[in-house]
Amino acid sequence: MSDIITSWNAETGTGDWVFDPDSPSIWVDDQGRPITDQNGGLINAVLALGIPTSSELATAVLISLFSDGLASEDDDLPDNTDDRRGWWGGAIGSKLWLRQRARKTDNLLKTVQDDVAQALAWMVEDGVAGKIVTAAEFQAPNVLALSVVIQRAGRADLTLRFANLWDAA
């Protein structure tokens with residue numbers, strides 16, 4: 001059993017590590033609905049017995065997607081600074097933070113899918129997954145949702161759905 005889990009605060013758009021598995025935060029969308037895996041299991045929820053229902057694979061996806069990846073020299077930075085963010089320890093994270101204020105276009109959907117595929121490519125390269133399948137769609141006029149399927153040989157696929165990855169409102 002892990003004594004550290006990754007939690008997400010939907011109101012502030014920040015993640016953190018929780019060291020007390022008896023009172024974890026649960027990843028939720030903007031409506032307060034829990035984000036679940038394909039079996040309906042809560043991501044980073046802990047049962048009363050103290051057994052985490054999230055997997056290390058789901059945590060790896062969360063860290064890979066919601067850590068700020070290093071922006072390229074030619075990326076437009078949304079905050080009018082020269083802070084390209086990224087992690088000093090290596091290439092981890094995604095460029096999703098660059099898309100938070102992007103205009104709603106079909107091109108945005110493709111860009112987000114490409115960002116997610118790039119952030120999770122290490123899983124295929126390291127043999128953790130055989131294939132990663134992503135799908136982005138506008139579920140409401142200004143709300144972008146994301147689905148990530150991690151396909152693993154000889155094991156059940158892991159599907160994670162994020163109901164409010166991006167909100168222009």
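Near Ser64, once Lys and Arg are set to +1 and Asp and Glu to -1 for all other residues with Cβ below 15 Å from its Cβ, the sum equals -4. Quick one: grab the alpha carbon gyration tensor of region 70-140, order the square roots of its eigenvalues as a ≥ b ≥ c, and give me rounded if a/c is under 1.5, else prolate or oblate depending on whether a/b is larger than b/c. The shape class here is oblate.
Since every read-out is calculated from the coordinates, none of them should be taken as a lab result. It should be emphasised that the depicted structure is a prediction, and the values quoted were computed from it without experimental measurement. Because the Cβ atoms are built from the backbone with ideal geometry, glycine has one as well, and the counts that use them run over all protein chains shown.
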